[in-house]
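Asker: Quick one: the structure is below, and I'll ask about it shortly.
The values are calculated or read from the model by the stated rules, or taken from the named source; none is laboratory data. Given the structure is predicted, the values throughout are model-derived calculations rather than measurements. Note: ideal-geometry Cβ built from the backbone for every residue, glycine included; neighbour counts use all protein chains shown. Surface areas here come from the heavy atoms of the whole protein model, side chains and all, with no ligands, DNA or RNA. Shrake-Rupley method; radii C 1.70, N 1.55, O 1.52, S 1.80 Å.
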Amino acid sequence: MLKVLVPTGAAKELGIRENDEIIIEAPKNRVVRGKAHLSEFIHPQTIGVAGKWARRGTHMPEFAKDGTSYNYLINDTEEDIGFLMGNLNNSVCVRIRKA
């Protein structure tokens, strides 16, 4: 399973250690799971999820289905479409916790 980058300081506060399974919760009851990789190379108020993995299409090879599905966390409603460019807001406010 591919890992989710979690800032070391935030992980310590939340009791999360390397390779712990974590739950990532976004608005509208969107929840995914991942394994934590603690990192000093990420902003303390963010997490990092590889966006090219955890594809759910039936045509995808098995290896592409591994990992945490970041796309599932993105809201696809009209309120999240940027009015200037017409694109989806892909920065999602999330809460993480140890599974």
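Asker: Which residue pairs have Cβ atoms closer than 8 Å, lie 6 or more positions apart in sequence or on different chains, and pair a first residue in the stretch 31-43 that is open to solvent by 100 Å² or more (accessible area, probe 1.4 Å) with a second residue that is in a strand (DSSP E or B)?
Answerer: Within 8 Å, the pairs are Arg33/Glu21; Arg33/Ile22; Arg33/Ile23; Arg33/Ile24; Glu40/Pro7; Phe41/Leu5; His43/Pro7.
Asker: In the stretch 1-19, what residues are open to solvent by 30 Å² or more (accessible area, probe 1.4 Å) and part of a loop (DSSP other than H, G, I, E, B)?
Answerer: Result: Met1, Leu2, Gly15, Arg17, Glu18, Asn19.
Asker: Quick check: is even one residue across the stretch 51-63 of a type in the set (A, V, I, L, M), over 11 Å from the mean Cα position of the chain (by Cα) and at pLDDT 80 or above?
Answerer: Within the stretch 51-63 (the criterion being of a type in the set (A, V, I, L, M), over 11 Å from the mean Cα position of the chain (by Cα) and at pLDDT 80 or above), the answer is no, since none of the residues qualifies.
Asker: Output the residues belonging to the stretch 1-36 that are of a type in the set (A, V, I, L, M, F, W, C) and out of contact with any Gly (no Cβ under 7 Å at 6 or more places or on another chain).
Answerer: Passing the criteria: Val6, Ala10, Ala11, Leu14, Ile16, Ile23, Ala26, Val31, Val32, Ala36.
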